[in-house]
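K.L.:
After the structure tokens below, expect a handful of questions from me.
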There are 4 protein chains.
Amino acid sequence: MAVSRIGYISLYVTNLDAARRHYVEVVGLRETGRDAHGRVYLQAADNQDHHCLILTEALHAGIDHVAFKVGEVEDLAEAQAAVRARGIAVRGVPAGDALGAGAAIAFTLPSGQEMRLLHHLDKIGYATGMRNPNPVPPHGKPGARVTHLDHLLLAGERPADTAQFLIEVLDFNLSEQVVAPDGSVIAAFTTCGHTMHDLAIAPGPNGHLHHIAFGLESRSDVIGAVDIMKEAGTTLMEYGPTRHGVSGVTTIYFFDPAGNRNEVYNGAYQAGGVPGLIPPIVWQAQEFPRGAFYYESVVPESFFAEVT
Amino acid sequence: MAVSRIGYISLYVTNLDAARRHYVEVVGLRETGRDAHGRVYLQAADNQDHHCLILTEALHAGIDHVAFKVGEVEDLAEAQAAVRARGIAVRGVPAGDALGAGAAIAFTLPSGQEMRLLHHLDKIGYATGMRNPNPVPPHGKPGARVTHLDHLLLAGERPADTAQFLIEVLDFNLSEQVVAPDGSVIAAFTTCGHTMHDLAIAPGPNGHLHHIAFGLESRSDVIGAVDIMKEAGTTLMEYGPTRHGVSGVTTIYFFDPAGNRNEVYNGAYQAGGVPGLIPPIVWQAQEFPRGAFYYESVVPESFFAEVT
Amino acid sequence: MAVSRIGYISLYVTNLDAARRHYVEVVGLRETGRDAHGRVYLQAADNQDHHCLILTEALHAGIDHVAFKVGEVEDLAEAQAAVRARGIAVRGVPAGDALGAGAAIAFTLPSGQEMRLLHHLDKIGYATGMRNPNPVPPHGKPGARVTHLDHLLLAGERPADTAQFLIEVLDFNLSEQVVAPDGSVIAAFTTCGHTMHDLAIAPGPNGHLHHIAFGLESRSDVIGAVDIMKEAGTTLMEYGPTRHGVSGVTTIYFFDPAGNRNEVYNGAYQAGGVPGLIPPIVWQAQEFPRGAFYYESVVPESFFAEVT
Amino acid sequence: MAVSRIGYISLYVTNLDAARRHYVEVVGLRETGRDAHGRVYLQAADNQDHHCLILTEALHAGIDHVAFKVGEVEDLAEAQAAVRARGIAVRGVPAGDALGAGAAIAFTLPSGQEMRLLHHLDKIGYATGMRNPNPVPPHGKPGARVTHLDHLLLAGERPADTAQFLIEVLDFNLSEQVVAPDGSVIAAFTTCGHTMHDLAIAPGPNGHLHHIAFGLESRSDVIGAVDIMKEAGTTLMEYGPTRHGVSGVTTIYFFDPAGNRNEVYNGAYQAGGVPGLIPPIVWQAQEFPRGAFYYESVVPESFFAEVT
């Protein structure tokens, strides 16, 4: 079976207008649609799909669901069987449930968040167009110059369970992990494609979101993004610029107006993209502060305590 | 079938020592082995496989073969059948033919170069190691800070034939193409994974190589790479730094001591990674000078005339 | 006597509106005034003076005059005496001849261009303001992020004469020079302050301008500036990004709509700022192609042939 | 009188070898001499003078003295008279007291540190040489790519006294200041040349040093410097990368092995270089946390408490 890449993340936000402004004017996404339920759809510059992010107004921040794409339509039936065989209920989601999205299957991860798999998302083209395009989006446009939605980090009471599910049932690959002295897995970074991670899982309350992350083209763009956020005046910076030991990226963390944590980063390596074959990088728990924040080699307590 | 990513390129060089020095001290690869035939094996920092480049001393520069990796061992048999069904002969290559490489199949592309598919390459780990690694290779080490072998561009008398073969037989995706006023394909950029292109094909004599390309983490690193090449004093710069319209990357071109063209670049977008689904960017021939070299909007004649 | 730094350059342009748009929307200056003669005044972000550039509509492009600032009002009289002692006529320019400018003295350089010295320019503050400012101008604003007007290069039939005048009469310092095999000076780079050069002189027809140059904060900004120019679609790029051997800067050249050559660059070293004491870097003529364009090590003929 | 730029700083360190290694292998200075007293002399790449830093082994870290250069030999006598007229004792320092240094005058600043003025420092040339040089120091050399010693920040019980002395007696210019609600000066940033500041003064115990600062060519180099320090493993990072509101620079802070605080930064604007004429930027005390650390808008208590 071939889960091929992250499709989109559907988020709850407490003020739709404020959130939309944040993701357009600070993060730099383009608005690509609104549906009958008032949900806002957004996409980054370098992705042809209809959206990578859906915003739904609600009383609380947090994650509604994350959708991954499969390579062939038939992969959906195969995945459904495999998930059910693990004893996890699967429901069908009709095409059009999300704007531009084909039929999907939905189920709950061991860590309590809803995951969907789908094959089709309408194509809207790259931000610079599909015929004789300029290689860069205009510099005048608002926001940081994020290129694509890259990954998300979920919280879970037993991270190893979710990692195992992704690896054993959906053929994800394990690219890095943090292990306790007794060998048990504390946190796991998994990928279904060639990127270093599409979905990571770390200790925290089930059903919650730690952060969603967008890519930037260059380390300079990471610093530029901080400038843009400070100028906006509305964005709550949390951490950085710093460098992760895990994945090696240059990164900053901040919050959307609802409190959902965002990351923008540059420089992840490409993991192998060959199921079952990549030995993972192993972080011993006592070395993990350096793995989390290489420059500081300490992890601020709030960094893992706060989730939505 | 799942061809998953470029494995390695095997090159002919006219002076093995000079070539090895170039790829280690200028490009920044690590030497990972030598075999009984005297061939030199090299790998970039961010790839766990045994090698991404093999150098063989010969009377002429040029490409020996390019090897792509498949996701499952069984994909080899499936690929062999599909290639043969196209009327192209396939031969088996025993494990160990290249150091650290498993069994492969080999065949000739319509444009005359040898392509191999294999499943196994020994794992040697990332340059920074697999346990509690530092996120960056040491700054003191020689050469540009290339992260990985990214793609190659082949010459062919009928580029469309090779592109069609890759797309129809090996499930590659077409991410960009240059078309003549009559709609025929002049050049094609194809991908089997998530990167913008793994193998591209442009007009030129069959059997020849236009260039091999390595990735850099940052646009600043592209300029830094020029400095390093000028310091080395031995590298023949050809072009750049400039920006491609195609793929949008910031890039430089230069030659190894044998005359094989190299590229180092930053900033390719991630194509979709879903077979059959990505509409390609289309370049009309008259706009292609801008697509080739966005800053100058002209293509120097020598750029396509010189191949090895 | 203390000539302290470049004040402003007054340029002729053939279409005032087109030129104004270029310097605001491409170069990134702020418009700071218009006078009764219709002249447009502009300043960069990091300079408090009223202007660094004056645009006057005329039938031809070229330089009207360049104005340098002196440290004390009394320096004007001292300079007047010294210039006259050299046998060069000096005329007084009343305050207000240029908007916001105090009284000046004017004379003709040996290479035929008008030079002025003045002490006063009205202060308008930095672009980000003078009270609790943000450290960066807003990212949304149009144009490259130039920080300041840095220097100009004049053409002259006998460059050594102008260099000698600046050094002997106005206490400029010589930071770099290009010398012929017979020891005669071909080109000279002179500074009155701490920057590497404020005024340079190279072979060409008397009275003409080779280029004016603006500083950028970072090498990444140089590449970003090329993107902005290409987006604008109206700017004629000439050369780069490349690196000068002389001064060591990363640089690009382009033309304003009237044909006046512009440079934006990053990374000049700081020369000593102590009159009479800095030994200059010496370029032998045969090495100068590398000094001019380090990456290419050739000087395109048009680069020195075209002046305004 | 014309104090023209910072000459060098003489520091006390507790372990000469460890300090020398730090300034060569981490900061990236070149060792330029040792004298009969065992003192080590160092210089950055882009300065021709014999040294910008002297290290003397002692029981405590801290500042021995800071030396500024004057434009003409006669300025020394003028300065001596002016300082004495202020009621401050001046003593002569013979040529050769520091290696390569001409005769100097020495006196004590109101904040208790020794300041020297001198005219002569031997010239040793730029790191890349004085004839047909390459524009960049070799990438293989150890350490961050600092270009020059830029400024220092002194501690003082009454910062305004030292600032006033520099401005009124030595013709320094005030480029930025922090003022209390009652209008009194809390901290002052003064310059004698074109840079934003050569010497700043902030609240703290008399006679002590807050930090010395070196320039970098690019914002990317600031992040690169952090990598280099982490690789060295011996350097104690303190803060950043972040951005100062004051001066607008991108910056990091760290300590030498003796505990003297270092800064490397990129991007200071050029102040005017015209005595008495530049209105300073004014920071109100309540806005100063943003002025100190723009990204975080808080000042860690330890940042001002720790001095040497």
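The values are calculated or read from the model by the stated rules, or taken from the named source; none is laboratory data. As the structure is a prediction and not an experimental result, all values here were calculated from the model. With ideal geometry, Cβ positions are generated from the backbone for all residues, glycine too; neighbour counts draw on all protein chains shown. When the accessible area is computed, the model is the full protein with side chains, heavy atoms only, and any ligands, DNA or RNA have been set aside. Shrake-Rupley method; radii C 1.70, N 1.55, O 1.52, S 1.80 Å.
K.L.:
Can you tell me which residue among A:Gln80, A:Gln43 is surrounded by fewer than 22 Cβ atoms within 10 Å (Cβ to Cβ) and over 18 Å from A:Phe254 (Cα atoms)?
P.N.:
Only one candidate passes the filter, namely A:Gln80.
K.L.:
Only residues that are closer than 14 Å to A:Asp150 by Cβ and hydroxyl-bearing (Ser, Thr, Tyr): list them for region A:1-54, please.
P.N.:
A:Tyr8, the sole residue that qualifies.
K.L.:
Something else now. Would you be able to tell me the number of residues in region D:39-68 that are at pLDDT below 95 and under 26 Å from D:Gly207 (Cα atoms)?
P.N.:
So the count comes out to 0.
K.L.:
Sticking with this structure for a sec: Does region D:51-67 contain at least one residue that is more than 14 Å from chain C (Cβ to nearest Cβ), of a type in the set (Ser, Thr, Tyr) and crowded, with 21+ Cβ neighbours inside 10 Å?
P.N.:
Scanning region D:51-67, I find no residue that is more than 14 Å from chain C (Cβ to nearest Cβ), of a type in the set (Ser, Thr, Tyr) and crowded, with 21+ Cβ neighbours inside 10 Å, so the answer is no.
K.L.:
Please tell me if B:Ser247 is at positive phi and among the polar types (S, T, N, Q).
P.N.:
yes
K.L.:
Got a sec? Which of A:Gly207, A:Gly215 is at positive phi, at pLDDT 85 or above and either outside the structural domain of A:Phe165 (by TED's automatic domain parsing) or small (Gly, Ala, Ser) (or both)?
P.N.:
Result: A:Gly207 is the single residue among A:Gly207, A:Gly215 that is at positive phi, at pLDDT 85 or above and either outside the structural domain of A:Phe165 (by TED's automatic domain parsing) or small (Gly, Ala, Ser) (or both).
K.L.:
Answer with yes or no whether C:Leu29 is of a type in the set (A, V, I, L, M, F, W, C) and closer than 28 Å to D:Ile278 by Cα.
P.N.:
yes
K.L.:
Given the criteria more than 30 Å from D:Gly267 (Cα to Cα) and within 14 Å of chain D (Cβ to nearest Cβ), does C:Asp46 qualify?
P.N.:
no
K.L.:
Quick one: is A:Asp35 free of Cβ contacts under 8 Å to residues at least 60 places away in the same chain and open to solvent by 10 Å² or more (accessible area, probe 1.4 Å)?
P.N.:
Spelling it out, it is not the case that A:Asp35 is free of Cβ contacts under 8 Å to residues at least 60 places away in the same chain and open to solvent by 10 Å² or more (accessible area, probe 1.4 Å).
K.L.:
Of the conditions (1) touching a Pro at 6+ places or on another chain (Cβ under 8 Å); (2) within 11 Å of another protein chain (Cβ to nearest Cβ), D:Glu157 fails just one. Which one is it?
P.N.:
The failed condition is (2).
K.L.:
Scanning region C:124-140 for residues that are in contact with a strand residue (DSSP E or B) (Cβ under 9 Å, 6 or more places away or on another chain) and open to solvent by 60 Å² or more (accessible area, probe 1.4 Å), which turns out nearest to the other protein chains (Cβ to nearest Cβ)?
P.N.:
Here the residue is C:Arg131.
K.L.:
Of the residues that sit in region A:1-32 and are at pLDDT 95 or above and among the hydroxyl-bearing types (Ser, Thr, Tyr), which one is surrounded by the fewest Cβ atoms within 10 Å (Cβ to Cβ)?
P.N.:
Per the criteria, the residue is A:Thr14.
K.L.:
While we're on this one: From the set of residues in region A:235-268 that are polar (S, T, N, Q) and under 15 Å from A:Gly291 (Cα atoms), which is surrounded by the fewest Cβ atoms within 10 Å (Cβ to Cβ)?
P.N.:
Only one residue fits best here, namely A:Thr242.
K.L.:
C:Ser175: within 14 Å of chain A (Cβ to nearest Cβ) and either closer than 30 Å to C:Val83 by Cα or not in a loop (DSSP other than H, G, I, E, B) (or both), yes or no?
P.N.:
So C:Ser175 fails the test.
K.L.:
Hey, does region D:89-101 have a residue that's modelled with pLDDT of 95 or more, over 17 Å from the mean Cα position of the chain (by Cα), buried (at least 16 other Cβ atoms within 10 Å of the Cβ) and of a type in the set (Val, Ile, Thr)?
P.N.:
There is at least one residue in region D:89-101 that is modelled with pLDDT of 95 or more, over 17 Å from the mean Cα position of the chain (by Cα), buried (at least 16 other Cβ atoms within 10 Å of the Cβ) and of a type in the set (Val, Ile, Thr).
K.L.:
In the set D:Gln113, D:Gln164, D:Gln177, which member is assigned by TED's automatic domain parsing to the domain that holds D:Gly92 and either touching a residue at least 40 places away in the same chain (Cβ under 8 Å) or open to solvent by 20 Å² or more (accessible area, probe 1.4 Å) (or both)?
P.N.:
D:Gln113
K.L.:
When you scan region C:276-294, how many residues do you find that are at pLDDT 85 or above and assigned to a loop (DSSP other than H, G, I, E, B)?
P.N.:
Counting residues in region C:276-294 that are at pLDDT 85 or above and assigned to a loop (DSSP other than H, G, I, E, B) gives 4.
K.L.:
Still on this model: So, of the residues in region C:220-275 that are of a type in the set (D, E, K, R) and part of a strand (DSSP E or B), which turns out to be nearest to the other protein chains (Cβ to nearest Cβ)?
P.N.:
Restricting to residues being of a type in the set (D, E, K, R) and part of a strand (DSSP E or B), the top hit is C:Arg243.
K.L.:
Of all residues in region B:135-174, count the ones that are over 30 Å from A:Ile281 (Cβ atoms) and small (Gly, Ala, Ser).
P.N.:
4
K.L.:
Which one of A:Asp75, A:Asp182 is open to solvent by 10 Å² or more (accessible area, probe 1.4 Å) and in contact (Cβ under 8 Å) with a residue 40 or more places away in the chain?
P.N.:
Every option except A:Asp75 fails the conditions.
K.L.:
Name the residues in region D:144-161 that are among the small types (Gly, Ala, Ser) and open to solvent by less than 10 Å² (accessible area, probe 1.4 Å), would you?
P.N.:
Scanning region D:144-161 gives D:Ala144, D:Ala155, D:Gly156.
K.L.:
Related question: May I ask you to list the residues in region B:191-219 that are open to solvent by 30 Å² or more (accessible area, probe 1.4 Å) and within 14 Å of chain D (Cβ to nearest Cβ)?
P.N.:
B:Glu217, B:Arg219
K.L.:
Which residue pairs have Cβ atoms closer than 6 Å, lie 6 or more positions apart in sequence or on different chains, and pair a first residue in region B:276-291 that is on the phi < 0 side of the Ramachandran plot and open to solvent by less than 50 Å² (accessible area, probe 1.4 Å) with a second residue that is among the polar types (S, T, N, Q) and modelled with pLDDT of 85 or more?
P.N.:
Close Cβ pairs (under 6 Å, with a partner that is among the polar types (S, T, N, Q) and modelled with pLDDT of 85 or more) amount to B:Ile278/B:Asn173; B:Pro280/B:Ser175; B:Pro280/B:Gln177; B:Trp283/A:Asn132.
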